[in-house]
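The values are calculated or read from the model by the stated rules, or taken from the named source; none is laboratory data. Keep in mind that what you see is a predicted model, and the values were worked out from it rather than measured. Cβ atoms come from the backbone with ideal geometry, glycine included; neighbour counts cover every protein chain shown. With ligands, DNA and RNA removed, areas are computed over all heavy atoms of the protein, side chains included. Shrake-Rupley method; radii C 1.70, N 1.55, O 1.52, S 1.80 Å.
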Amino acid sequence: MSVLVVVECDKGEVKKSSLEVATYGAKVAAQLGTTATAIAVGEATEANLAKLGEQGIAKVLYDAEPRLKDFVNNAYTKLIATAAEQEGAKVIVLANSNIGAAVGSRLSVRLKASLATNVVDLPKTDGGSFTVKRGAFSGKAFADVTLSGDRKIIAVKKNSLEAQHEAGKTAEVSSFSAQLSDADFADAPKQVVMQDQAGGVLLPEAERVVSGGRGMKGPENWHLIEDLAKALGAATACSKPVSDVDWRPHHEHVGQTGITVSPNLYIACGISGAIQHLAGVNSSKVIVVINKDPEAPFFKAADYGIVGDVFEVLPKLTAAVKELG
Amino acid sequence: MKFLVCISNVPDTTTKITFTPDNKEFNKAGVQFVINPWDEYALTRAIELKEAAGSGTVTVLNVGEADTEPNIRKALAIGADDAIRVNAHPQDAYFVAEQIAAIAKEGAYDVILMGKESIDYNGFQVHGMVGEMLGIPTVAPAMKLDMSGNTATLEREIEGGKEIVSVNTPFVASCQQPMCEPRIPNMRGIMTARTKPLKVVAAVGEPARTQVSEFALPPKKQGVKLIDAANAGELIKLLRNEAKVI
Ligand SMILES: Cc1cc2nc3c(=O)[nH]c(=O)nc-3n(C[C@H](O)[C@H](O)[C@H](O)COP(=O)(O)OP(=O)(O)OC[C@H]3O[C@@H](n4cnc5c(N)ncnc54)[C@H](O)[C@@H]3O)c2cc1C
Ligand SMILES: Cc1cc2nc3c(=O)[nH]c(=O)nc-3n(C[C@H](O)[C@H](O)[C@H](O)COP(=O)(O)OP(=O)(O)OC[C@H]3O[C@@H](n4cnc5c(N)ncnc54)[C@H](O)[C@@H]3O)c2cc1C
């Protein structure tokens, strides 16, 4: 009876969301009186995997099969299912990411497990029951969900808990093979195309986001957003109409029909705050709104606000960040 | 090519969410229900691919009680050929996936399309479950879908990029923009939808594996702290010293 944690790696590094997942898994293991084992997917290094000890992971399994570097739904599912069987895992924890959702949903059927996605808090495990809180109605509500099966799979929403770092603790890394065959790679991608990330910060993983709406007037003004983002080490985002007219690429569009982000800081510049936009950003810890209209609905969802012209305010903010050093 | 498009019936995107006084159920009073916005991409793309091929059928499927029929008719008005409603409360994603898998198998559908996720429950899970139940590939979330004979080429969104994937029928894909421009019903569509077949069938399979015990609303915001535009730099100090986020 152990807890199995799925950690996603990219270019050798463990993703930030997976450090959170590892922390979550270690805490669940402590609650259940057992230990947490991780299975790593993607391109990892042994040194970085060993560091998962800092998040409370006892052991890390890693299959160095080169074709596992990119996401392959069937192969990943089989790899994790095999690890779960070997470890006798009753609880599997993964990220609520595109990979986590694709694998978690298949695993739930294969392992006859109950699945909860979009989970925002540690489980309540009193009296043998297992209940988790998950986001619902596009961030407008939460639901407590009881998982009835003997096995449980939990997909943890990004930035729902802080990754712990117990310096100096290391995990044992052991090589692992799920005996994958060519057939398991039949749905491998033909090609993987990565975006140019402004300033190198990936929007879904970002701790800080600077976002622009129609109030920015045109793509030629986006350097104002990018400058502030760069100074803050933030990713850039936009509202739907902005990506609809191609001022910005589609993958920057946040909201109900775009991506959902939950950074520590979300700065909205010239965005009115339509309910569909808020749905994608309202679980951000701190929301800052800059809008020239004091009646803009976004101010109701904000923690800090400036009523003013983005073209005057943004350069001042960027300068102030640079002054902080 | 036989397309099966799964649609879920969800509160309109502008709905103010409230619950019954015991917080056990969503309060449907006065709520307008719509076709899940992501599912509109699946539906429109299926119709486009059928039109481009010059043959085939598009069937819409919903797991729900009789009150979902107006939106099933709307899907028929947009251009689906026929519809199936599994007459049951959609208890959880596993239960819904079982129904979809059973219908897909029985009708030998080639392409099973869904939305990326439902905007009410935000599960993002039914597609993988259905794929696994049927032992066929799932591509989720897909931003692009083209067909050539029995082979589909899709773009799958991954964090920070995309993958180009090619699969043979049968397969499952969950759709999102910019796959197509979702269509809206026209007058002729609305007229013909009334007489298109809508079959109601009973649910099958095992019971749900998860239960919602309680709903809750997020804590209210404290209220916005306004900073004078002339003094905008002050905001940055507050973000560092008070909010501690930079
Ligand atoms: C089914 C559905 C799904 C949707 N999904 C999404 C979604 O996922 N994401 C999304 O964003 N939208 C979504 N929308 C659209 C949404 O309803 C709004 O239309 C959209 O969010 C508005 O974008 P905006 O705030 O950039 O533009 P606007 O609403 O036009 O707002 C521009 C704002 O900029 C301010 N402004 C103008 N000039 C300045 C200036 N110089 N300085 C400061 N402020 C200025 C204005 O006061 C205004 O508040 C959806 C809509 C529907 C119906
Ligand atoms: C008020 C309310 C109460 C609920 N109560 C419970 C509960 O007590 N326990 C519980 O576990 N769940 C409950 N649910 C969840 C509900 O059963 C969901 O419809 C189901 O779990 C599938 O949604 P999902 O978000 O998991 O699907 P996703 O995986 O996000 O959906 C992906 C796609 O699957 C398709 N799809 C989803 N649902 C259907 C459907 N019904 N018919 C046809 N296609 C569909 C659509 O194409 C959709 O885009 C409740 C939902 C609501 C709104």
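Can you find a residue that is more than 11 Å from every other protein chain (Cβ to nearest Cβ) and of a type in the set (Val, Ile, Thr) anywhere in the stretch B:132-145? Scanning the stretch B:132-145, I find no residue that is more than 11 Å from every other protein chain (Cβ to nearest Cβ) and of a type in the set (Val, Ile, Thr), so the answer is no.
For the stretch A:281-325, the set of residues classified as near ligand 1 (Cβ under 8 Å from one of its atoms), not basic (Lys, Arg) and not in a helix (DSSP H, G or I) consists of A:Ile290, A:Asn291, A:Asp293, A:Ala296, A:Gly308, A:Asp309, listed by residue number. If only residues of the stretch A:264-274 that are within 11 Å of chain B (Cβ to nearest Cβ) and of a type in the set (A, V, I, L, M, F, W, C) are counted, the one that is farthest from ligand 1 (Cβ to nearest atom) is A:Leu265. For A:His277, the conditions (1) part of a loop (DSSP other than H, G, I, E, B); (2) near ligand 1 (Cβ under 7 Å from one of its atoms); (3) buried (at least 18 other Cβ atoms within 10 Å of the Cβ) are fulfilled apart from (1).
The numbered conditions (1) within 16 Å of ligand 2 (Cβ to nearest atom); (2) open to solvent by 50 Å² or more (accessible area, probe 1.4 Å) are all true for A:Asp227 except (1). If you go through the stretch A:184-209 and keep only what is in contact (Cβ under 8 Å) with a residue 40 or more places away in the chain and not charged (D, E, K, R), you end up with A:Phe185, A:Ala186, A:Ala188, A:Pro189, A:Val192, A:Gln195, A:Leu203, A:Pro204, A:Ala206, A:Val209. Does the stretch B:21-33 contain any residue that is touching a helix residue (DSSP H, G or I) at 6+ places or on another chain (Cβ under 6 Å) and of a type in the set (A, V, I, L, M)? No, because not a single residue in the stretch B:21-33 is touching a helix residue (DSSP H, G or I) at 6+ places or on another chain (Cβ under 6 Å) and of a type in the set (A, V, I, L, M).
Which is part of a loop (DSSP other than H, G, I, E, B), on the phi < 0 side of the Ramachandran plot, in contact (Cβ under 8 Å) with a residue 24 or more places away in the chain and of a type outside the set (Asp, Glu), of B:Val245, B:Val204?
Details: B:Val245 fails: in contact (Cβ under 8 Å) with a residue 24 or more places away in the chain.
Sole residue among the options that is part of a loop (DSSP other than H, G, I, E, B), on the phi < 0 side of the Ramachandran plot, in contact (Cβ under 8 Å) with a residue 24 or more places away in the chain and of a type outside the set (Asp, Glu): B:Val204.
One line per residue, one yes/no per condition, for (1) open to solvent by 50 Å² or more (accessible area, probe 1.4 Å); (2) away from ligand 1 (no atom under 16 Å from the Cβ):
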residue: A:Thr125; (1), (2): no, yes
residue: A:Gly135; (1), (2): no, no
residue: A:Ser138; (1), (2): no, no
residue: A:Ala143; (1), (2): no, yes
residue: A:Asp150; (1), (2): yes, yes
residue: A:Lys157; (1), (2): no, yes
residue: A:Glu166; (1), (2): yes, yes
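Run down B:Ala216, B:Ala193, B:Ala202 and say which single residue is within 30 Å of A:Arg151 (Cβ to Cβ) and more than 7 Å from chain A (Cβ to nearest Cβ). Even if it seems obvious, please write down each step before you answer.
Numbers: B:Ala216 fails: more than 7 Å from chain A (Cβ to nearest Cβ); B:Ala193 fails: within 30 Å of A:Arg151 (Cβ to Cβ).
Answer to the check: B:Ala202.
The condition of being away from chain A (no Cβ under 14 Å) and free of Cβ contacts under 8 Å to residues at least 60 places away in the same chain holds for only one of B:Val58, B:Val5, that being B:Val58. Applying the condition of being out of contact with any Gly (no Cβ under 8 Å at 6 or more places or on another chain) and part of a strand (DSSP E or B) to the stretch B:7-56 and asking which residue is nearest to ligand 1 (Cβ to nearest atom) yields B:Val34. Can you pull out the residues in the stretch B:102-131 that are open to solvent by less than 20 Å² (accessible area, probe 1.4 Å), more than 9 Å from chain A (Cβ to nearest Cβ) and in a helix (DSSP H, G or I)? Scanning the stretch B:102-131 gives a single hit, B:Ala104.
The lone criterion from (1) more than 16 Å from ligand 2 (Cβ to nearest atom); (2) closer than 24 Å to A:Gly258 by Cβ; (3) touching a strand residue (DSSP E or B) at 6+ places or on another chain (Cβ under 9 Å) left unmet by A:Ile306 is number (2).
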